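Taken together, the values in this text are just the output of simple stated rules run on the coordinates, not laboratory data. Computed from a prediction, not measured in an experiment: that's the story for all the values here. Cβ coordinates were reconstructed from backbone atoms using ideal geometry, including for glycine residues, and neighbour counts include every protein chain displayed.
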Amino acid sequence: MDTSQSATKEYESKYPSSHVAEDQVRFTKDEAGLDYIEIENRHATAKLALQGAHLMHWHPKHTAQPVLWMSEQSRFEPGRSIRGGIPLCWPWFGAHPTDSSLCMHGFARVTPFSVIDIGQMYNGNTRVILQMKQTENSQRQLSYPYTLTMTIEIGATLSIKLSTTNRATQPFFMGEAFHTYFNVSDVEKVSVSGLDNTEYADKLLDYWRGTQEGDLTFNQEFDRVYVSTKTAVKIHDPAFNRDIVINKKGSSTTVVWTPWQKKAHQMADMAKDDSWRKMLCVETANAMENLVMINPGYTHILAVEYSVESV
Ligand code: TA6
């Protein structure tokens, strides 16, 4: 029995109630001990790391290119973030507001999640429900009682929901993001629409505030936090003959980032070639003045849906 068969058997013994669609789902484990779920249904293929409920790969069958980008230099080690796919930023975005010793973008992306349910939907999509485990590291960084649940539905479109339930007796504030790396033909040849007239903080200009005029195009490092915006955005990629449409709910911030060459080549988990051109981050978030307050007993849901339109 190979590792994926034994991983599947282990899963079925642990989660007997889940209706694992045999031919759609494989459970694998790599030599570093990270667990993965590989999915193929009639609409798409996908791969998910249980650490950080991290969707690494999504390729709907109606488009020639995968929709998510993954660095060839990414490391896959317990406790280390993966460079590409959809890193989960939670319970803060960017640097911790008061303690700079804590990791960028929060600890959820390096924390293991357990699979609560997995199965085939009536429309042929595969839905995976995961819950973040409480670890010594997570409890050290956030002592509040909470439940963090991720629901991912994989098909011709990709739907992701991150539910935070406050199980404490007092409200708490948090930041969050789906820090999504999109696979593009060349970042210098794409544009992003949907943020016209939107205020932003420019991280490269010490958070200087400006207002976006028209579509975004890229010819240098770009790192802007667009605030108080609930609009859908589109990545227009004529060379890949497609638009990637990003619809969101429960999010008031959209972050757009390309490191460009110099910054990319300074990053240990980015190749020292021009692969940085093949990625663009458009992140569905709540950050800066858009932090979320959750009252005791309440649940906040950050939701996004990605679809691909041929052009
Ligand atoms: O969302 C953009 C950003 O905040 C950039 O400033 C850059 O730091 C990027 O995230 C990557 O962060 P990471 O911690 O994953 O290296």
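Are there chymotrypsin sites (Phe, Trp or Tyr not before Pro) in segment 88-178 that DSSP marks as loop and that have at most 10 other Cβ atoms within 10 Å, and which are they?
Numbers: sites: Trp92, Phe93, Phe107, Phe113, Tyr122, Tyr146, Phe172, Phe173, Phe178; in loops: Trp92, Phe93, Phe107, Tyr122.
Answer by residue number: Tyr122.
Distance between Cα centroids, segment 229-276 to segment 120-193: provide it in whole Å.
17
Under the definition of Cα pairs under 8 Å and six or more residues apart, what whole-number percent is the relative contact order of the chain?
Working: 817 pairs, mean separation 51.8, N = 311.
Value for the chain: 17 percent.
Could I have the simple spin-label model distance between Glu199 and Asn219, label points 7 Å from Cα toward Cβ, reported in nm to one decimal?
A separation of 2.9 nm, rounded to one decimal place.
log10 I(q)/I(0), Debye, Cα-only the chain, no solvent, q = 0.09, 0.10, 0.14, 0.16 Å⁻¹?
With no solvent term, the Cα-only Debye profile gives -0.44, -0.55, -1.12, -1.47.
Would you kindly state how much longer the chain becomes between Glu289 and Tyr122 on full extension, computed as 0.36 nm times their sequence separation minus their alpha carbon distance, in nm to one decimal?
Full extension of this stretch gives 56.1 nm more.
Among Val110, Asn295, Gln120, which residue has its Cα positioned farthest towards the positive end of the charge dipole of the chain, with +1 placed on the Cβ of Lys and Arg, -1 on the Cβ of Asp and Glu, and the dipole taken about the Cα centre?
Final value for the positive-end residue is Asn295.
I need the fraction of alpha carbon pairs in segment 168-311 separated by more than 27 Å, rounded to a whole percent. Each step should come with its number before you reach the end.
Numbers: 2536 of 10296 pairs.
It works out to 25 percent of all Cα pairs.
Compute the longest continuous run of the chain that contains no exposed GluC sites (Glu not before Pro); treat a site as exposed when its DSSP state is not H, G, I, E or B and it has at most 10 other Cβ atoms within 10 Å. Could you put the intermediate results ahead of the total?
Numbers: sites that count: Glu22, Glu31, Glu213.
Within the chain, the longest run free of exposed GluC sites (Glu not before Pro) spans 32-212.
In debye to the nearest 20, how big a dipole does the chain give about its Cα centre with +1 on each Lys and Arg Cβ and -1 on each Asp and Glu Cβ? Spell out each step's value before the answer.
Numbers: 30 positive and 36 negative charges, 83 e Å.
Magnitude of the dipole: close to 400 debye.
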